[in-house]
Amino acid sequence: MKSPLLSLPGAVPAEGVDEGVAAHYGDLFREQRALADGTGFVDLSHRGVVTVTGEDRLSWLHLLLTQHVSELPVGEATEALILSAHGHIEHALYLVDDGTTVWAHVEPGTQDELIAYLESMKFFYRVEVADRTDDFALVHLPAGSIAEVPEGVVVRETAYGRDLFLPRADLESYAEEAGPAAGILAYEALRVEHHRPRVGFETDHRTIPHELGWIGVAVHLQKGCYRGQETVARVQNLGKPPRRLVFLHLDGSDVHLPVHGTELRRADEGPEGRKIGFITTSVRHHELGPIALALVKRNVPVDAPLVAGDTAAAQETVVEP
């Protein structure tokens, strides 16, 4: 779905998963600084929007999600995962309940698969699941923003800012009032700075929540009765995850950033050393320079200098080994 805001001056379309919105509007670092200062907004209208209505919506979702949502207070934001039977991450949902409806935004293009799974689990519960992506566009206001929210718009408020489920027909008029616009690259740079994982970037087919620091954030350990819960409990109580998320400071002299999937090796083992991980997201930050998130094997020393392809990288611990 192509955003009408791509017609704004300077807009450069994003590519890949984020196709449909702007990568930037001509000045990446200015846009980052604006978001960091609590001004402007980000067009995230390419993300999927899913709603669940009905009397049993919270108790039903509680059985399917990794998060404790059976008594979710009205207006309180939370995150939740859907796992495979083996505990691998399939979906991340960013939720809020408005008193009659649970609203969730998900990764672009994943809503059909998510809804198919939810529909298969309805049984006799009094719930209705709907794809509202055509009707509602997600807009992000950064932390500290004093921008007004139109009356009646559902808001999901977090420490990182507010997500607005804005009627898609109002997107252009809202942009005129809420500017300046910042692209998805600025949003991603702040996401990496805050060590926040994203499905499809920090995950692959075998990622479990413990590897990314999602325990406690999106996974509630005092509940069961969801698919994959046995793996979560076993790793939490009896073992350690095979990999861990790290934050990397990259050599700023390189012109090109290492792309997603670039292999990581220990610097002291040379170019023929064994692969110990891979880059998941790399960005250029307005203050920190080139930075990245990566997954590495759990037993890699936390102070070991790394190399991403040909780029030197110094790691900071996100998930403890």
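The values are calculated or read from the model by the stated rules, or taken from the named source; none is laboratory data. Treat the numbers as computed from the prediction; the structure is a model and nothing was measured. Positions of Cβ are backbone-derived with ideal geometry, glycine not excepted, and every protein chain shown enters the neighbour counts. Ligands, DNA and RNA are stripped out before the accessible areas are found, and what is left, the full protein with its side chains, is counted by its heavy atoms. Shrake-Rupley method; radii C 1.70, N 1.55, O 1.52, S 1.80 Å.
Quick one: would you say Pro142 is within 23 Å of Gly161 (Cβ to Cβ), out of contact with any Phe, Trp or Tyr (no Cβ under 9 Å at 6 or more places or on another chain) and surrounded by 14 or more Cβ atoms within 10 Å (Cβ to Cβ)? For Pro142, the condition - within 23 Å of Gly161 (Cβ to Cβ), out of contact with any Phe, Trp or Tyr (no Cβ under 9 Å at 6 or more places or on another chain) and surrounded by 14 or more Cβ atoms within 10 Å (Cβ to Cβ) - is not met. Taking region 65-85 as the range and being within 25 Å of Phe124 (Cβ to Cβ) and surrounded by fewer than 17 Cβ atoms within 10 Å (Cβ to Cβ) as the test, the residues that pass are His68, Ser70, Glu71, Ser84, Ala85.
Please count how many residues of region 307-321 are part of a strand (DSSP E or B) and out of contact with any helix residue (DSSP H, G or I) (no Cβ under 6 Å at 6 or more places or on another chain).
First pass over region 307-321, keeping only residues part of a strand (DSSP E or B): 307-308, 311-317.
Narrowing further to those that are out of contact with any helix residue (DSSP H, G or I) (no Cβ under 6 Å at 6 or more places or on another chain): 308, 311-317.
So the answer is 8.
Only one residue in Ala159, Ala175, Ala181, Ala186 is open to solvent by less than 10 Å² (accessible area, probe 1.4 Å) and of a type outside the set (Phe, Trp, Tyr). Which one? Step through it out loud before you land on a result.
On the way: Ala159 fails: open to solvent by less than 10 Å² (accessible area, probe 1.4 Å); Ala175 fails: open to solvent by less than 10 Å² (accessible area, probe 1.4 Å); Ala181 fails: open to solvent by less than 10 Å² (accessible area, probe 1.4 Å).
It is Ala186.
Identify, from the list Leu166, Leu185, Leu245, Leu250, the residue that is at pLDDT 95 or above and either among the acidic types (Asp, Glu) or closer than 24 Å to Glu76 by Cα (or both). Full working, then the answer.
On the way: Leu185 fails: either among the acidic types (Asp, Glu) or closer than 24 Å to Glu76 by Cα (or both); Leu245 fails: either among the acidic types (Asp, Glu) or closer than 24 Å to Glu76 by Cα (or both); Leu250 fails: either among the acidic types (Asp, Glu) or closer than 24 Å to Glu76 by Cα (or both).
Being at pLDDT 95 or above and either among the acidic types (Asp, Glu) or closer than 24 Å to Glu76 by Cα (or both) holds for just one of Leu166, Leu185, Leu245, Leu250, which is Leu166.
When the residues of region 113-139 are filtered to those that are of a type in the set (D, E, K, R) and more than 15 Å from Tyr94 (Cβ to Cβ), which remaining residue is surrounded by the fewest Cβ atoms within 10 Å (Cβ to Cβ)? Step by step, filter region 113-139, then rank; the result is Asp134.
Just so you know, in region 218-227 the residues that are in contact (Cβ under 8 Å) with a residue 60 or more places away in the chain and touching a helix residue (DSSP H, G or I) at 6+ places or on another chain (Cβ under 9 Å) include one that is nearest to Glu202 (Cα to Cα), and it is Ala218.
Every listed requirement among (1) open to solvent by 10 Å² or more (accessible area, probe 1.4 Å); (2) in contact (Cβ under 8 Å) with a residue 60 or more places away in the chain is met by Asp170 save one, (2). Of the residues making up region 30-48, one or more are more than 23 Å from Asp131 (Cα to Cα), surrounded by fewer than 20 Cβ atoms within 10 Å (Cβ to Cβ), in contact with a Pro (Cβ under 6 Å, 6 or more places away or on another chain) and at pLDDT 95 or above.
Looking only at region 140-159, decide whether some residue is farther than 21 Å from Arg57 by Cα, part of a strand (DSSP E or B) and among the hydrophobic types (A, V, I, L, M, F, W, C). Looking for residues that are farther than 21 Å from Arg57 by Cα, part of a strand (DSSP E or B) and among the hydrophobic types (A, V, I, L, M, F, W, C), one finds at least one in region 140-159, hence yes. The set of residues in region 287-306 that are out of contact with any helix residue (DSSP H, G or I) (no Cβ under 8 Å at 6 or more places or on another chain) and open to solvent by less than 70 Å² (accessible area, probe 1.4 Å) comprises Gly289, Pro290, Ala294, Val296, Val300, Pro301, Val302.
Taking region 240-268 as the range and being open to solvent by less than 70 Å² (accessible area, probe 1.4 Å), touching a residue at least 24 places away in the same chain (Cβ under 8 Å) and assigned to a loop (DSSP other than H, G, I, E, B) as the test, the residues that pass are Pro241, Asp251, Gly252, Asp254, Leu257, Pro258, Thr262.
Checking each residue in region 38-65 for being among the basic types (Lys, Arg) and part of a loop (DSSP other than H, G, I, E, B) picks out only Arg47. For beta carbons closer than 9 Å, sequence separation of 6+ or different chains, a first residue in region 119-143 that is at positive phi and a second that is open to solvent by 40 Å² or more (accessible area, probe 1.4 Å), there are no qualifying pairs.
Residues in region 160-195 that are part of a loop (DSSP other than H, G, I, E, B) and over 15 Å from Gln32 (Cβ atoms): Gly179, His195.
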